[in-house]
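Single-structure report; data block below.
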Amino acid sequence: MRSLIAYLFALLAVSAGVWFGFLSRTDAAGKEETSRVAPAVPVILAQVVEAPFADTLSALGTAVANESVRLTANRSELVKAVHFDDGQLVDAGAVLLELETDEEEAMLAEAKAVMVERQAQYDRQVELNQQGIAPESEVQTASAQLEGAKARVRTLEATIADLVIKAPFRGVLGLRQVSVGALLQPSTVIATLDDLSVVKVDFTIPETWLSAVRVGQPIASRCDAWPGRPFPGTVSAIDTRLDPSTRSVKVRAIVPNPDTLLRPGMLMKVDVDRGEAPSLQVPEEAIVQRGDQHFVFVVDDQKVAHQTDVQVGRRQVGRVEVLSGIVKSQKVVVEGIVRVRDGIPVDVVDVRDGGS
């Protein structure tokens, strides 16, 4: 029994000696390893740049004529003459269509004759009153009859004027809907008239963009009818109310249309740029995310990498806005970042332009 116990103690002593010897060798190897200088990691850098962040909103809109009207008549009458062609450009006040006025012209001639007679009666009563022959009441009666005759003439002249259809503004006429000899009703559309010198483009933006859009702000618009051709314009008005169901607001832009390529009803694709002040930006591949934290590796003049926490903002394809943590013209690692650690030297292979 004693010999067995002695044997076990001897075995424990040998095992402890082997273990301490292993630890000594491991510690020495670790110290030797740490004493070596870490090799420089090859990396490619990019500069931190300050530039406008092209945050653009794309929306769909509808083209509307600057001025638009459906031409109709005020009275029911036969069409006497048509003075326009389909698609014609006309000036404001141009005569487009005449209706029959024979009956009204005859009534006007009769009314003018009555007016002349009433004028003569009034003049005679004034003369007699001045001579003391006619009382003042006779003069007043004659004056009232004269004014009634004049009113009748003005009424018939207005009626005749209503039977001549004129262009209310300069614009392009649509297709003609009536012919000579047709009985025109007040509800009948003669043609459409559109001012296409400029077009209004109505589109909607989300509530979150309301602070970024202002009157006078430039926009870019496109349409499928003219692919590849931009139609620039400016914001002219923002609606005062938001749609409670979509939380969006209607915006109107004015787009010049000198060649009349744009037509009312066209579907327009509108791009609106926030136009904000420049911000710091880095390439997307420079950002390392760990949980909720973001950091980059900044390389100093001694070519040593330093892990730097940053606060990121908006993102685009290939670009990230940095709100804090770095300054303009610093250089950050964009390639070889997997092998980079805080405080190690790096071998700078290339420095890319911050905008690339």
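Evaluation of GLN130 against the conditions (1) in the same structural domain as ALA158 (by TED's automatic domain parsing); (2) within 30 Å of SER197 (Cα to Cα); (3) not acidic (Asp, Glu) shows that the sole unmet condition is (2). Checking each residue in the range 113-166 for being in contact with an Asp or Glu (Cβ under 6 Å, 6 or more places away or on another chain) and more than 30 Å from ALA94 (Cβ to Cβ) picks out only GLN125.
Of the residues making up the range 206-230, just one is buried (at least 16 other Cβ atoms within 10 Å of the Cβ), over 25 Å from LEU261 (Cα atoms) and in contact (Cβ under 8 Å) with a residue 60 or more places away in the chain, namely TRP209.
Checking each residue of the range 134-143 against the condition of being on the phi < 0 side of the Ramachandran plot, of a type in the set (S, T, N, Q) and surrounded by 17 or more Cβ atoms within 10 Å (Cβ to Cβ) gives no match. I'd like the full set of residues that are over 60 Å from the mean Cα position of the chain (by Cα) and surrounded by 15 or more Cβ atoms within 10 Å (Cβ to Cβ), limited to the range 109-125. Answer for the range 109-125, where residues must be over 60 Å from the mean Cα position of the chain (by Cα) and surrounded by 15 or more Cβ atoms within 10 Å (Cβ to Cβ): VAL114, MET115, ARG118, GLN119, GLN121, TYR122, GLN125. Each residue in the range 148-204 was checked for being in a loop (DSSP other than H, G, I, E, B), over 37 Å from the mean Cα position of the chain (by Cα) and not polar (S, T, N, Q), and 6 of them qualify.
Among residues of the range 269-290 being out of contact with any Asp or Glu (no Cβ under 9 Å at 6 or more places or on another chain) and among the aliphatic types (A, V, I, L, M), the one that is farthest from PRO232 (Cα to Cα) is VAL288.
The values are calculated or read from the model by the stated rules, or taken from the named source; none is laboratory data. Predicted model only: the values in this text are computed from it and were never measured. As a convention, Cβ positions derive from the backbone with ideal geometry for all residues, glycine included, and neighbour counts pool all protein chains shown.
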